[in-house]
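Remarks on the structure that follows.
Computed from the coordinates by the stated procedures, all read-outs in this text should not be read as laboratory data. Just so you know, these numbers come straight off a predicted model, no measurement behind them. Here the Cβ positions follow ideal geometry from the backbone for every residue, glycine too, while neighbour counts run over all protein chains shown.
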Amino acid sequence: MNLSDPPPVQPVARPSAIRGLSVLLAGGSGGLGAAAAEYLIKDGARLHVSYSHDRERAQALEPIATLHRADLVEAVDRKRLLDESGPLYGLVVFVGNPARVSESLSFEDTLRQSIDVNFAGPLLLAREAAARMKGKGTRGAIVLLSSMQAVQLVVGSTPYATAKAALSFGARILAKECRGGTDIRVNVVAPGVMDAGMAQASIASGKYRRYLDEDVIPRYGRATDVARVVRFLLEPDCYITGQVIAVDGGLSL
Ligand SMILES: NC(=O)c1ccc[n+]([C@@H]2O[C@H](COP(=O)([O-])OP(=O)(O)OC[C@H]3O[C@@H](n4cnc5c(N)ncnc54)[C@H](OP(=O)(O)O)[C@@H]3O)[C@@H](O)[C@H]2O)c1
């Protein structure tokens, strides 16, 4: 076996206190969300998963989660998603879009769309979920997905990276606003180049190959690398809030 590329850690069941608690994975039908769903279902969580357009991909999770369709950019969809999910202990927002400028989408349009999908929609959902938790006086854990590109300066990443940086900052303010009183924790996971979901095509095209060739990272990340951190941050006795945790193999150092 090549020591630099150990096998993925399987989602073995843990005697976790999350058993029976309700967790919504918004955008959980994607590459990173589906792996987190596998971990959380093993721990006995009651899962809700949302998608926006790709119902077929989401249906793969139908045996383990209640599915909801919701476009987080739309206030009415966010409200319906929270209404349909019922009282939540946990919320993880995987919703995101790579926000690549193309011939059909100008820089300005890409930037504006990215702010909606990668920042405003996820943060508003998190704030709305936190308000419901506070209103009910229940404890809760919220995790938002940012990116190492929100930390490292990557040329050409402005629409995606600035929206993700704003999301990290907004999440930390929300964590502070939730401090005290009921126990609601808010954290951010910032993945690097993961061989799953939205980065898969870029990896296949060789865009990130130099990170391996120049020994910047030992391997591409896996969806399970993120899933393990999400699971940890959701544990009811977790003592962490207001933090941005990079899961990037050192890429952003
Ligand atoms: N994969 C990586 O290497 C990587 C690296 C750094 C950060 N991230 C971040 O990690 C998160 C998950 O990434 P992923 O790779 O799992 O992405 P993915 O496979 O593309 O999944 C994205 C998810 O978001 C949903 N979504 C997209 N636009 C939406 C909208 N307007 N409203 C509601 N849902 C919407 C998608 O639903 P549909 O499929 O139905 O449209 C899907 O469930 C993202 O926030 C991403 O920015 C990923």
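General observations
- Ordering of 149-155, 223-229, 45-51 by packing is 45-51, 223-229, 149-155, highest average first (other Cβ atoms within 10 Å, averaged per residue).
- Only one residue of Ala163, Leu153, Leu125 has its Cα farthest out toward the positive end of the dipole of region 22-247, where Lys and Arg carry +1 and Asp and Glu -1 on Cβ, and that residue is Leu125.
- Stokes-Einstein translational diffusion, region 22-247 - Kirkwood Rh over all Cα pairs, 0.890 mPa s, 25 °C, in µm²/s: 140 µm²/s
- Among 164-175, 24-35, 74-85, the order from most to least packed when residues are scored by Cβ within 10 Å on average: 24-35, 164-175, 74-85
- Theoretical FRET efficiency, 1/(1+(r/R0)^6), r = Cβ-Cβ of Arg100 and Arg80, R0 30 Å, to 0.05: 0.55
- 19 Å tail of the calculated P(r), region 148-253, as % of Cα pairs: 50 percent
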